[in-house]
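Please treat every number below as a calculation from the coordinates, not as lab data. These figures come from a predicted structure and were not determined experimentally. Positions of Cβ are generated from backbone atoms using ideal geometry, with glycine treated the same way; all protein chains shown enter the neighbour counts.
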Amino acid sequence: MTLRKIAQIGHPVLRQRARELSPEELASPATQALIDDLVETMRDANGAGLAAPQVHASVRICVLEVKDNPRYPYKPNIPLTILVNPVLTPIGDTTFENYEGCLSVPDLRGVVRRHAELRVDALDRRGAPIALVARGITAGTYQHECDHLDGVLFVDRVTDPTTLCTWKEFARHREEAFKATVRDVVARFGS
Ligand code: NI
């Protein structure tokens, strides 16, 4: 496994629509190595998720994992999940405000409105179908990662630019209030 370089905002690969993978391409050693590297690179950077375009591979794969994450100490845990060709379908129209950051957008966070419940259809790394429902903060993470596959960054979805802040100022001025939001979302949606 190899740590891959993470593309930073301004690199065109982050703005392309990534392409679907065929079953043959998914099974190839190159794609399986890409998946291993995505997981290792996400863990090394303390990310909650990482999408293939963020490591300069414009294909529809993303990985998610939250396990007592020091970068997001208030986030509910998510077991390691690998999504290939994912499709997200909102359930209902309930939304919540999520304070997001991104490994491709250095030292910036901002408030983004996300669907609170989603159906997730995808393939796993072996090509078997995955169907699950994601809720709450976890649903926000799914939406953030799948946005990367369409060339969308969280900053595109920030409707109030006054919420933009560095990680240091987030901790100093925004984190306490956001933790209360997280507690409320977790109480309502279970994650
Ligand atoms: Ni991101």
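Some observations on this one:
- Contour minus Cα-Cα distance for K179 and D160 (0.36 nm per residue): 4.9 nm
- Region 61-74 - phi-based ³J(HN,Hα) in whole Hz, Karplus 6.51/-1.76/1.60, Gly and Pro as x: 9, 9, 10, 9, 6, 10, 9, 6, 6, x, 6, 9, x, 8
- If you take the alpha carbon atoms of region 12-189 and fit the smallest convex hull around them, that volume is 107 Å³ per residue.
- Charge sum, other residues only, whose C-beta stays under 11 Å from R15's C-beta, Lys/Arg counted +1 and Asp/Glu -1: -1
- Build a GNM of the chain with springs between Cα atoms under 10 Å apart, and of I137, I78, I61 the one that fluctuates most is I78.
- Here region 12-189 is assigned +1 on the Cβ of each Lys and Arg and -1 on the Cβ of each Asp and Glu. Its dipole about the Cα centre then comes out at about 360 debye.
- Stokes-Einstein D in µm²/s, Kirkwood radius over Cα pairs - region 122-191 at 37 °C with 0.692 mPa s viscosity: 226 µm²/s
- Residue-count net charge about M1 - beta-carbon cut-off 11 Å; Lys, Arg +1, Asp, Glu -1: -2
- Residue order, fewest to most surrounding Cβ atoms within 10 angstrom, among T89, T162: T162, T89
- Note on S22 and R43: their simple-model spin labels are 3.2 nm apart, each label 7 Å out from Cα toward Cβ.
- Listing L34, L108, L80 from fewest to most neighbouring C-beta atoms within 10 Å gives L80, L108, L34.
- Take every Cα pair under 8 Å whose residues are at least 6 apart in sequence, average their separation, divide by the length of the chain, and the relative contact order is 22 percent.
- Near T95, the amide H atoms lying under 5 Å from its own belong to A116; only residues 5 or more places off or on other chains count, and H is placed 1.01 Å from N.
- Counting only residues at least eight positions apart within a chain, or on another chain, the lysines with an alpha carbon under 23 Å from that of K5 are K67.
- Helices in the chain, meaning DSSP H runs of at least 4 residues, each add -39500 (n - 2.57). Divided by all residues, the mean residue ellipticity at 222 nm is -8000 deg cm²/dmol.
- Residue among A48, T89, V63 farthest towards the positive dipole end of region 36-95, charges placed on Cβ: T89
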